[in-house]
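Reading through the structure tokens given below for one structure.
The values are calculated or read from the model by the stated rules, or taken from the named source; none is laboratory data. Computed from a prediction, not measured in an experiment: that's the story for all the values here. Counting neighbours? That spans all protein chains shown, and the Cβs are built from the backbone with ideal geometry, glycine included. Accessible surface is based on the protein model in full, side chains and every heavy atom, while ligands, DNA and RNA are left aside. Shrake-Rupley method; radii C 1.70, N 1.55, O 1.52, S 1.80 Å.
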Amino acid sequence: MPHIASTPFDGQKPGTSGLRKQVKIFTQTHYLENFVQSLFDSVPELSGGLLVIGGDGRFYNDSAIQIILRMAAANGVAKCLVGQNGLLSTPAASCLIRKYGAQGGLILSASHNPGGPDGDFGIKFNGANGGPAPERVTNAIYARSQIITGYDIANAANIELGQIGHTQIGDMAVQIIDPVRDYADLLESLFDFGKIRAMIANGFTLTFDAMHAVTGPYAKEILQSRLGAPIGSVKNATPLPDFGGGHPDPNRVYAKELFETMFSKDAPDFGAASDGDGDRNIVLGKGVAIAPSDSLAIITANAHLAPAYQDGISGVARSMPTSRAADVVAKALGVPAFETPTGWKFFGNLLDSGQITICGEESAGTGSSHVREKDGLWAVLMWLNILAQRGQSMAEIQAQHFTKYGRHYYCRHDYEAIDSTLAAQIMADIDAALPRLIGRAFDDEIVSAADNFTYHDPVDGSSSDNQGLRILFKSGSRIVFRLSGTGTVGATLRIYLERYEADKTLLGLNTDKALTTLIEAAEIICQVKARSGKSKPDMIT
Ligand code: G16
């Protein structure tokens, strides 16, 4: 097998979710190859093993898959399972790794980041449990990438990715498979499809925006073919290399059409969207958007209504910046609630050890132990199952939830593409000021504690420090500052704001108004506006 000499690239350190860079960086000669060889060198069990490969269909997906297949053959992989046309959603890849006992999977995606030649590309490695590689593996890959001297790649023609069937590259078997069927079967086994189908047949209306990303074929099969939603219920269903020029991030800005539909007088009963690789979700009802942290809490409280969870859940976990709404539910259910750093990889050990059944994040991610990734369509089906069982509207279910458990007003302000040195300095300055903040008052909010979050994994005993700066108030309110680990330009400062309200007369406030004191306190503490010259956040979710 040919060995090609190369030299290391700077910055091949996987972030919150794999290696994510601009396409123009990924397509440099030897760039992808160096990273993939570092991966094969760091995960020796792939040699002789089964590897799952697929991506979200973005620009460079096909070319990257052809390179990875030839490198897999040269590195002794026994067999690759590849999604037809190179497509696999992130949760579907996780499902396949687990179902077929693969040693791992490579998922090509930059998630919700834009695609096309001027957009972003990414590569994630998931291990044999189906979940994102833990830090010890990503650190090893990075360390290897810094000393790499070359890579192995087979001489072979491109594989026909559009044709389901079996082929070979040298000694390595390649099977092109239906990207949808196994995953759709898994979801069907978890939920009461009969009840959801009956609800839809009785006039319940829904719309799903696939944003020209990977979920189109999955949503069409599940929602239209298996559940009987009318053709056309799934919008923007064809995956496109540039996502149709859109930004496959299911939020108020980029899924504007969906939000407008759901807040119009002709709104269907249910609306949802997913992201580039199908792991995120947003769910809406007529005139109501459910915040991801609230969705996690409501799902936790109602999961027993779905067949797979009818005997109850073992526990719930959320990332640290996610609102604590799910903790309140866990307490009422008498199950443990865990707080992990941002990044789905931190849920893996808790899921594998059976300590949690459900987990989620403020960044539009919800999932369960059925796979080891967050799963957009799982959340959609969980909500549909809950709606079918309860026979109420989304707004009614949310309102009853707030009345029972109280409301965690919540939002996130993002300052994007700020100078990386400045962002690091802002974080260092807040960190240094934490001890002095304790006892300080911001209007009626008094700081009771402030720290830099370190996670101690209760399963393997590992520690992860520097995972966000937390400022806790006596009232139960909270501000968190963190730098994003998924951006590709400069740095993104995320400010997470949360206020708990149990007073039943104060459950219907406007979120911005409810959080005014905290928003002002955050700027006093970090001065990002003054220091970056930005007058407002680039994104509020
Ligand atoms: C990824 C991770 C999530 C994380 C999110 C935001 O999601 O899988 O765990 O919450 O990024 O991370 P950050 O705040 O560091 O930008 P995705 O959907 O982009 O893969």
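Things to note:
- Summed over the residues of the chain and divided among them, the accessible surface reaches 37 Å² per residue at a probe radius of 1.4 Å.
- When the alpha-carbon atoms of the range 1-129 are used, the pair Rg, Dmax equals 13.6, 37 angstrom.
- Estimated from helices alone, the mean residue ellipticity of the chain at 222 nm is -9000 deg cm²/dmol (sum of -39500 (n - 2.57) over DSSP H runs with n ≥ 4, per residue).
- Net charge over other residues, Cβ less than 10 angstrom from the Cβ of V480 (K, R count +1; D, E count -1): +3
- Taking the charge dipole of the range 37-151 about its Cα centre, with +1 at Lys and Arg Cβ atoms and -1 at Asp and Glu Cβ atoms, the residue from A92, G48, A74 reaching farthest to the positive side is G48.
- For A198 and A78, the FRET efficiency from 1/(1 + (r/R0)^6), where r spans their Cβ atoms and R0 equals 35 Å, is about 0.20.
- Apolar share of the accessible surface for the chain: 49 percent from carbon plus sulfur atoms, 1.4 Å probe.
- Cα centre as origin, Lys/Arg/Asp/Glu Cβ charges: the range 7-91 dipole, Debye: 180 debye
- With a Förster radius of 22 Å applied to the beta-carbon distance between D465 and D10, the computed FRET efficiency rounds to 0.40.
- Calculated log₁₀ intensity ratio I(q)/I(0) where the Debye formula runs over C-alpha points of the range 93-136, q = 0.23, 0.29 Å⁻¹: -0.74, -0.92
- Cα-centred dipole magnitude for the chain, charges only on beta-carbon of K, R (+1) and D, E (-1), debye, nearest 20: 600 debye
- Peptides 345-358, 47-60 ranked from most to least packed, by the mean per-residue count of other Cβ atoms within 10 Å: 47-60, 345-358.
- Taking the Cα atoms of the range 183-405, the ratio Rg/Rh between the radius of gyration and the Kirkwood radius comes to 0.94.
- Ranked by the mean number of other Cβ atoms within 10 Å per residue, highest first, peptides 68-77, 168-177 order as 68-77, 168-177.
- Among V329, V137, the order of accessible area from largest down is V137, V329, computed with a 1.4 Å probe on protein heavy atoms.
- Net charge contributed by nearby residues that have their C-beta within less than 10 Å of I123 (K/R +1, D/E -1): +3
- Between Q310 and D352, the C-beta separation translates, for a Förster distance of 25 Å, into a calculated FRET efficiency of about 0.65.
- The rule of thumb for compact globular proteins, 2.2 N^0.38 Å, goes into the C-alpha radius of gyration of the range 404-541 1.09 times.
- Relative to its Kirkwood radius, the Cα radius of gyration of the chain gives an Rg/Rh of 0.96.
- The Kirkwood hydrodynamic radius of the range 241-358, based on inverse pair distances between different Cα atoms, is 15.8 Å.
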